[in-house]
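**Student:** The following block contains the structure, expressed as structure tokens.
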Amino acid sequence: MIDLLIRNATLADGRTGVDIAVVGERIAEVGPNIMGEARETIDADGQLVSPPFVDAHFHMDSTLSYGIPRVNRSGTLLEGIALWGELKPQLTVDAIMQRALTYCDWAAARGVLAIRSHVDVCDPRLLAVEALLEVRRRVAPYIDLQLVAFPQDGVLRAPGALANLTRALDLGVEVVGGIPHFERTMADGAESVRVLCELAAERGLRVDMHCDESDDPLSRHIETLAQQTVRLGLQGRVTGSHLTSMHSMDNYYVSKLIPLIAEARVSVIANPLVNITLQGRHDTYPKRRGMTRVPELLAAGVDVAFGQDDMMDPWYSLGSADMLEVAHMGLHVAQMTGQEAMRACFRAVTETPAKILGLDGYGIAPGCHADLVLLQARDPVEAIRLRAARLAVIRRGRVISRTAPVVALLALPGRPTTVSFHPI
């Protein structure tokens, strides 16, 4: 007996008229005209069925804290960090948990079923770590939450930060984070990369560092991160997040840097909404976009994903847990408007971040987890264009969220009575 049968789906790879049969929590069969009785059937009506969205870079400990204790007036990264420092003494485990759980509700409704969240470890109380470990346990039935031990104030710069980070890993945080460009000197930044990569190698963990989130073209810690990756045999387990300084570097240096990143198999996460907002704040005109060189990295074979980064917090006042909004912004900032480029932007919030996070059983194939999203769109490009409604979100074979189709009612003489924003 088939537990759930989705009929007449379009897949992101272009296949149409596809049925997806689910038995228990796994996909049992994918193909046309699947035969058999099903307990529940969903008619996709030719619309796009995708594996779930994956947010590879988020800060869940600060989400939904916008305006507490004040608003970031300058809109800069540094004021955001200072503001977070003002907020930290006011934090409680319960407040962090409640905001994070609310965000996870939003994420599930948007079809975001896997999130990598950086959690600040510079507070010796480790309140955020305690809170998010409990959130991870509570949301496990519907969201895969992966935590990064993130020394927001610098692992060498902040007293006790390295010891706090190590304690966080002992408590069950899975990924080693860092922020080398926020250390006091370039030498300290390079040293922090070495120390943190060695710690990850000793423990067999992944690495995800905030790296070169700066407009300074001389901020080149990604070079050190790639070198340490090779030295320690961490290829395929290391991620450089942001890399915004690469947008300001000259082409000659980048022509050496990108092959180094590719050879080290370091993945990259850009955060389009926040990169385009925070970077270039000190420019007059011409004004830099700030987001890293996504098309060039992709062309070199580097895995590049997009992250939400922040939502309604000291760094970013907007956001709605919508990874299609993230892809939409990334597409525009990187000027990736060709058909294949736009599809790559869809992959940057689905398949690619799933690979970076090392998610098991991700995808639409027999044996994969039955985690699926039915979108009100005919293909990935249309999904990005419309920020398509998530008609159904399925986790382990069970529908956990439904959204009504978006249709506008018109009252115009001689014109159709409804508009769904799809071309004729």
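The values are calculated or read from the model by the stated rules, or taken from the named source; none is laboratory data. For clarity, every value in this text was computed on a predicted model and none was experimentally measured. Counting neighbours? That spans all protein chains shown, and the Cβs are built from the backbone with ideal geometry, glycine included. Please note that ligands, DNA and RNA were not included when accessible areas were found on the heavy atoms of the full protein model with its side chains. Shrake-Rupley method; radii C 1.70, N 1.55, O 1.52, S 1.80 Å.
**Student:** What translational diffusion coefficient, in µm²/s and rounded to a whole number, does the Stokes-Einstein relation yield for the chain at 10 °C and a viscosity of 1.306 mPa s, taking the hydrodynamic radius as the Kirkwood radius over Cα pairs? Can you show the working numbers first?
**Tutor:** Numbers: Rh = 22.1 Å.
Rounded to a whole number, D works out at 72 µm²/s.
**Student:** Using the per-residue mean of other Cβ atoms lying within 10 Å as a proxy for protection, in what order, highest first, do the peptides 220-227, 32-39, 195-202 fall? Mind showing how you got there, number by number?
**Tutor:** On the way: 220-227: 23.1, 32-39: 11.8, 195-202: 19.1.
Put in order of decreasing packing, that is 220-227, 195-202, 32-39.
**Student:** Using only the heavy atoms of the protein chains and a 1.4 Å probe, how would E213, E191 rank by accessible area, largest first?
**Tutor:** Working: E213 15, E191 70 Å².
So, going from the largest accessible area down, we get E191, E213.
**Student:** Could you give me the radius of gyration and the Dmax of the stretch 287-424, taking only the C-alpha atoms into account and expressing both in angstrom?
**Tutor:** Cα-based Rg and Dmax for the stretch 287-424 come out at 17.3, 55 Å.
**Student:** Need one number: nm distance between label points at S320 and E29, each 7 Å from Cα along Cα→Cβ, rounded to one decimal.
**Tutor:** 3.9 nm
**Student:** Carbon and sulfur together cover what percent of the accessible area of the chain at a 1.4 Å probe radius? Spell out each step's value before the answer.
**Tutor:** Values: 9110 of 17040 Å².
Ligands and nucleic acids excluded, carbon and sulfur reach 53 percent.
**Student:** Expressed as an acute angle from 0 to 90° and rounded to the nearest 10, what is the orientation of the C-alpha long axis of helix 93-109 relative to the principal long axis of the chain?
**Tutor:** Long axis of 93-109 versus the principal axis of the chain: about 40 degrees.
**Student:** Once the other residues with Cβ under 13 Å from the Cβ of A201 are scored (Lys, Arg +1; Asp, Glu -1), what is the net sum?
**Tutor:** Details: positive: R194, R203, R206, R231, R237; negative: E198, E202.
Local charge sum for A201: +3.
**Student:** Report the FRET efficiency, 1/(1 + (r/R0)^6), for Q235 and E191, where r is their Cβ-Cβ distance and R0 is 22 Å, rounded to 0.05. Walk me through the intermediate numbers first.
**Tutor:** Values: r = 22 Å, r/R0 = 0.99.
Between Q235 and E191 the formula returns 0.50.
**Student:** Apply the Karplus parameterisation 6.51 cos²θ - 1.76 cosθ + 1.60, with θ equal to phi minus 60°, to every residue of the stretch 158-165 and state each ³J(HN,Hα) to the nearest whole Hz, in sequence, with x for glycine and proline.
**Tutor:** 8, x, x, 5, 5, 5, 5, 4
**Student:** Can you tell me the relative contact order of the chain? Whole percent, Cα pairs under 8 Å, sequence separation 6 or more.
**Tutor:** Working: 960 pairs, mean separation 78.9, N = 424.
Computed over the chain, the figure is 19 percent.
**Student:** Got a sec? What order do K256, K287, K88 fall in by accessible area at 1.4 Å, biggest, i.e. largest, first?
**Tutor:** Values: K256 120, K287 95, K88 20 Å².
Sorted by accessible area, descending: K256, K287, K88.
**Student:** Count the DSSP beta bridges whose two residues both fall in the chain, then state the antiparallel fraction as a percent rounded to the nearest 5.
**Tutor:** Details: 22 of 58 bridges.
Rounded to the nearest five, the antiparallel share is 40 percent.
**Student:** Given the peptides 332-338, 277-283, arrange them by the average over their residues of other C-beta atoms within 10 Å, most packed first.
**Tutor:** Working: 332-338: 15.6, 277-283: 18.1.
Descending packing order for the listed peptides: 277-283, 332-338.
**Student:** Here's another thing I want to ask about it. Give me the net charge for the shell around T185: Cβ to Cβ below 10 angstrom, other residues only, Lys and Arg +1, Asp and Glu -1. Display every interim value, and only then the final one.
**Tutor:** Values: positive: R157, R184; negative: E183, D188, E191.
Net charge in that neighbourhood comes out at -1.
**Student:** Still on this structure: Quick one: accessible area per residue over the stretch 56-166, 1.4 Å probe, rounded to a whole number of Å²?
**Tutor:** On the way: 3820 Å² over 111 residues.
Per-residue value: 34 Å².
**Student:** Further question: Given R₀ = 22 Å, what would the calculated FRET efficiency be for E340 paired with A300, taking r from the Cβ atoms and rounding to 0.05?
**Tutor:** 0.90
**Student:** What is the distance in Å between the Cα centres of the stretch 197-225 and the stretch 237-254?
**Tutor:** 11 Å
**Student:** If each residue of separation counts as 0.36 nm, what is the full-extension length gain between L78 and D216 once their alpha-carbon separation is subtracted? Please report the intermediate quantities before stating the final value.
**Tutor:** Values: separation 138, 0.36 × 138 = 49.68 nm, distance 1.38 nm.
Going from the current span to full extension adds 48.3 nm.
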